[in-house]
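As structure tokens, the structure follows; a few thoughts come after it.
The values are calculated or read from the model by the stated rules, or taken from the named source; none is laboratory data. No experiment lies behind these values; they were computed from the predicted model shown. Cβ placement follows ideal geometry from the backbone for every residue including glycine, while neighbour counts extend to all protein chains displayed. What goes into the accessible areas is simple: the full protein's heavy atoms, side chains included, and nothing from ligands, DNA or RNA. Shrake-Rupley method; radii C 1.70, N 1.55, O 1.52, S 1.80 Å.
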Amino acid sequence: MATAGAVVANGSGGADTKAAFKEIYSKLKEEMLEDPAFEFTDESLQWIDRLQAYFLVLDDIMDNSQTRRGQPCWFRVPQVGLIAVNDGIILRNHISRILQRHFKGKPYYIDLIDLFNEVEFKTASGQLLDLITTHEGEKDLSKYNLTIHRRIVQYKTAYYSFYLPVACALLLAGENLDNFGDVKNILVEMGTYFQVQDDYLDCFGDPEFIGKIGTDIEDYKCSWLVVQALERADEDQKRILFENYGKSDPACVAKVKDLYKELNLEEVFHEYERESYNKLIADIEAQPSKAVQTVLKSFLHKIYKRDK
């Protein structure tokens, strides 16, 4: 929310924006730690002071992940464990309290609440689809396809990561979101591209550099890479995929990665990246508002050809 406001304000992603974000973040965090609604002990304050984004805390538990941003996942920290589930709930409630404290009484307050609720529902539903699709894939890997993958990533990632911050900024600027359907579609496409990048980096990125250890292969995920592999593999290659995908054995993981390289999926991804970028730029430049174009290009240039 703060990031979107700052980007809209100056149309850039430079040092001024980062400094503004850090300042606002520090203020919001201080307010949360001084919230009078609960008599926090010193220990509970220190606990909350260490938390991060609630979707990520809960997602790491559901995915049984190891690391996040170069550190052990919160639920893997000694003495935390499944307390992290309640921590996620607390973090979610921080959102409502921030919105109430800063925007109650504003003409767009209800729209802002509705927006967060709608996006949260979409994200949780996308996460559900991701998790239950994995169970289906375990029974029959051939059920994975691009249509299913696209539906998962649009709902699981695109709405909260890309549409939400810009929609917040538009509401704060007094705009009606119904007038920005094209902008919403562009941001959802951008979020889809972002998640495909994430799938690629999960396999081909350097864990030391990207800050987390990829587990999509071991976890039987409906990843963009496995969907592309299924479309391109011959019968022998599919047999290798079926026999090794979803196994935690490093040798099996290595065989899948070798197959990805044999199918030239790295170049397939780079071609997808080029095509996505060109289409997004064309769609952005078709927008009548130069200010909106600037914001959307700022978002796109933050992620284009990212390596972590």
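At a glance:
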read-out	value
Identity of the residue in segment 99-125, open to solvent by 40 Å² or more (accessible area, probe 1.4 Å) and β-branched (Val, Ile, Thr), that ends up nearest to Ser276 (Cα to Cα)	Ile113
Residue within segment 40-51 that is open to solvent by less than 40 Å² (accessible area, probe 1.4 Å) and either modelled with pLDDT of 90 or more or in contact with a strand residue (DSSP E or B) (Cβ under 6 Å, 6 or more places away or on another chain) (or both) present	no
Among residues of segment 282-308, those that are open to solvent by less than 20 Å² (accessible area, probe 1.4 Å), modelled with pLDDT of 95 or more and more than 14 Å from Phe194 (Cβ to Cβ), counted	2
Verdict on Leu171 being over 30 Å from Phe242 (Cβ atoms), assigned by the TED database to the domain that holds Glu275 and open to solvent by less than 40 Å² (accessible area, probe 1.4 Å)	yes
Scope segment 126-145; condition free of Cβ contacts under 8 Å to residues at least 60 places away in the same chain and surrounded by 14 or more Cβ atoms within 10 Å (Cβ to Cβ); matching residues	Gly126, Leu128, Leu129, Glu136
Within segment 235-279, considering residues that are assigned to a helix (DSSP H, G or I) and of a type in the set (Gly, Ala, Ser), the one nearest to Lys221 (Cα to Cα)	Ala254
From the options Phe242, Phe269, residue that is surrounded by 20 or more Cβ atoms within 10 Å (Cβ to Cβ) and touching a residue at least 24 places away in the same chain (Cβ under 8 Å)	Phe269
